[in-house]
Amino acid sequence: MSSEEIFVCTVGMCIVSYIPRVLPPFILAKVKLAHWIERWLNYVPTSVFGALVFSEIFLDGSQLNFNLTNISFLASIAVFIVAVKTKSLSKSILVGMAAFWMLENII
């Protein structure tokens, strides 16, 4: 493959990945959605984040892992407590990292 072909391919991939990210907000900005659809869409980022976090914490391969040897689960309990009490993202992240590190070195 020549350099020109690689460049054209790279630009094409950028365009193809950029359009699906930019087009929906432009279209939805001009369209008035029903109130229930707007309410539902407000939960999408939270639910996607929850699904990603759940799989990282509670799944070990393809099986659920809720035992006390699951370091991610134990660290997430500490993060949850700090997040509820302080409502601070930075404190939650620091506690999570520290708890994970300590549990990994202890267990």
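The values are calculated or read from the model by the stated rules, or taken from the named source; none is laboratory data. Model, not experiment: these values are computed from the prediction. So basically every Cβ, Gly included, is an ideal-geometry build from the backbone, and we count neighbours across all protein chains shown. Just so you know, the surface numbers come from the protein's heavy atoms only, side chains and all, with ligands and any DNA or RNA stripped out. Shrake-Rupley method; radii C 1.70, N 1.55, O 1.52, S 1.80 Å.
Observations on the model:
- Candidates Phe26, Phe80, Phe49, Phe54 - the one that is modelled with pLDDT of 90 or more and in a helix (DSSP H, G or I): Phe80
- When restricted to residues that are hydrophobic (A, V, I, L, M, F, W, C) and touching a residue at least 12 places away in the same chain (Cβ under 8 Å), segment 57-92 contains 9.
- Flag if Leu33 is modelled with pLDDT under 85, over 30 Å from Ile93 (Cβ atoms) and surrounded by 10 or more Cβ atoms within 10 Å (Cβ to Cβ): yes
- Restricting segment 36-46 to residues that are assigned to a helix (DSSP H, G or I) and open to solvent by 100 Å² or more (accessible area, probe 1.4 Å), the residue that is farthest from Phe73 (Cα to Cα): Trp36
- Subset of segment 57-77 [open to solvent by less than 40 Å² (accessible area, probe 1.4 Å) and outside any helix (DSSP H, G or I)]: Asn65, Asn70
- Every residue from segment 9-23 that is open to solvent by less than 100 Å² (accessible area, probe 1.4 Å) and among the aliphatic types (A, V, I, L, M): Val11, Ile15, Ile19, Val22, Leu23
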